[in-house]
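Novice: Right, I'll just put the structure down here and ask away after.
Bear in mind that the values in this text are calculations on the coordinates, not laboratory data. Only a predicted model underlies this, so the values are computations on that prediction, with no experimental measurement involved. Every residue, glycine among them, receives a Cβ derived from its backbone with ideal geometry; neighbour counts consider all protein chains shown.
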Amino acid sequence: MSLQYRRPALMKTLGGAVLAATKTLGGAAFAAIAALVALVPTALIARLWQNPFAKKLAARCYPFFTRLLADEEVLFLNWAYEEDPPMAVPLAASDEPNRGSIQLYHRTATQADLSGKRVLEVSCGHGGGASYLTRTLRPASYTALDLNAAAVDFCRKRHNLPGLDFVHGDAENLPFADQSFDAVVNVEASHCYPQFARFLAEVARVLRPAGHFLYADFRPREGIAAWEAALADAPMRLLSERVINAEVVRAMEKNSQRYLDLIDRLPTFLHGVGRELAGVQGSRYYRALQRGEFSYRMYSFAKD
């Protein structure tokens, strides 16, 4: 039997093993996860995130990382973005260390005018993007949702801004009424959604007519056809699409030393997985983007 047909069973086995390991949230469990990330092909890991184990795995792993990183002021969990010539977005001194990640949010969100609008961000992570967009684009309100309850608690304490609200919830079952928002932002998160088409349907449901879906994410080469098909079937109209591998790789190179300095402060057993997930120069995720094995794209959609 070919690898193509063995993969669903293999991913189920891997997912079950990792899920069992995370029940204790101990060092040995995360050492096992680190080894998995280091040894399994990146495309297979990307597919693993989109099977039914993904949510359970995220629900156990992400709170651990939130607690681990809380004292390090890690406000962004996404990769970064830099153009040539550099964007030179004016930033406050406190935002400057996160320039690359902020620029990914900035370029994604400014595909539409958010001033005075009701905005929802799905999968806000540690809230750095939500804080930046609230302070600079001046929406009427900004609601940021995440499945990680520990991250939501962190955000509520760290980002105390008028009009900014953090909510615990599921991207595939948004806890909001129909036509509640003028725009939905989603940055580098949907690759972890097992039911991506359902997420898109939920985005369309909560958007008002003429509302915008502002979106950036990546997929491995073998997952692009399914990704494109789901986006084409979504009840929204495509306004723009860009492949941004070059901009993401450029920012990874620029940010690598900063990320390595942070990773050196983490427990030793997390150094390998930290380098991979941060996408530092020379990591497998960096090389996958550089070679085109992953496609990172930015989209804008409108609801008619």
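Novice: Could you size up the charge dipole of region 175-271 around its Cα centre, putting +1 on the beta carbon of Lys and Arg and -1 on that of Asp and Glu, and report it in debye to the nearest 20?
Specialist: Working: 11 positive and 13 negative charges, 16 e Å.
Dipole size: approximately 80 debye.
Novice: How are the alpha carbon pair distances in region 192-304 distributed across 10 Å bins from zero to the largest one, expressed in percent?
Specialist: Over region 192-304, the share of Cα pairs per 10 Å bin runs 13, 36, 28, 19, 4, 0 percent.
Novice: Further question: P(r) for region 141-190, please, calculated from all Cα pair distances in 10 Å bins and given in %.
Specialist: 22, 57, 21
Novice: Placing unit charges on C-beta atoms (Lys and Arg positive, Asp and Glu negative, everything else neutral), compute the dipole magnitude of region 59-198 about its Cα centre in debye, rounded to 20.
Specialist: Once rounded to the nearest 20, the dipole reads 320 debye.
Novice: Now for a separate question. Could you give the radius of gyration (one decimal) and Dmax (whole number) of the Cα atoms in region 251-298, in Å?
Specialist: 11.3, 35
Novice: Now for a separate question. Net charge around Met236, counting only other residues with Cβ within less than 9 Å of its Cβ (Lys, Arg = +1; Asp, Glu = -1)? Mind dumping the intermediate values first?
Specialist: Values: positive: Arg237, Lys303; negative: Asp304.
Around Met236, the charge tally is +1.
Novice: Another question about this same structure. With Cβ to Cβ distances under 13 Å as the rule, what net charge do the other residues near Glu253 carry (K, R +1; D, E -1)?
Specialist: On the way: positive: Arg250, Lys254, Arg258, Arg287; negative: Glu82, Asp84, Glu247.
Every neighbour counted, the sum reads +1.
Novice: About the Cα centre of region 215-304, how large is the charge dipole given +1 on each Lys and Arg Cβ and -1 on each Asp and Glu Cβ? Please answer in debye to the nearest 20.
Specialist: Working: 14 positive and 12 negative charges, 45 e Å.
That gives region 215-304 a dipole magnitude of about 220 debye.
Novice: Right, something else. Expressed as a whole number of Å, what is the distance separating the alpha-carbon centroids of region 260-293 and region 72-89?
Specialist: Region 72-89 and region 260-293 have Cα centres spaced 16 Å from each other.
Novice: Okay, moving on. What's the extension gain from Leu161 to Asp71 if we count 0.36 nm per residue and subtract their Cα-Cα distance?
Specialist: Working: separation 90, 0.36 × 90 = 32.40 nm, distance 2.04 nm.
My answer for the length gained is 30.4 nm.
Novice: So for each of 248-255, 159-166 I average, over its residues, the number of other beta carbons within 10 Å; can you give me the resulting order with the highest mean first?
Specialist: Values: 248-255: 21.4, 159-166: 15.4.
My ranking of the peptides, most packed first, is 248-255, 159-166.
Novice: Another question about this same structure. Evaluate Rg over Rh across region 99-189, taking Cα atoms for both radii and Kirkwood's formula for Rh.
Specialist: Numbers: Rg = 11.9 Å, Rh = 12.9 Å.
Using Cα coordinates only, the ratio equals 0.92.
Novice: Taking the convex hull of the alpha carbon atoms in region 65-121, what volume per residue do you get, in Å³? Write down the numbers at each step before the final one.
Specialist: Values: hull volume 7.0 nm³, N = 57.
Convex hull volume per residue, Cα atoms: 123 Å³.
Novice: What's the extension gain from Ser94 to Asp178 if we count 0.36 nm per residue and subtract their Cα-Cα distance?
Specialist: Computed gain between Ser94 and Asp178 is 26.6 nm.
Novice: Arg138 to Asp304: FRET efficiency via 1/(1 + (r/R0)^6), r the Cβ-Cβ distance, R0 25 Å, to the nearest 0.05?
Specialist: Efficiency computed from Cβ-Cβ geometry: 0.45.
Novice: Within region 57-81, list the residues whose amide N lies under 12 Å from a label point set 7 Å along Cα→Cβ of Lys254.
Specialist: Correct set: 80-81.
Novice: Considering the dipole of region 228-268 built from charges on the beta carbon (Lys and Arg +1, Asp and Glu -1) around the Cα centre, which of Met236, Leu260, Ala246 is farthest to its positive end?
Specialist: Projecting each Cα onto the dipole axis, the largest value belongs to Leu260.
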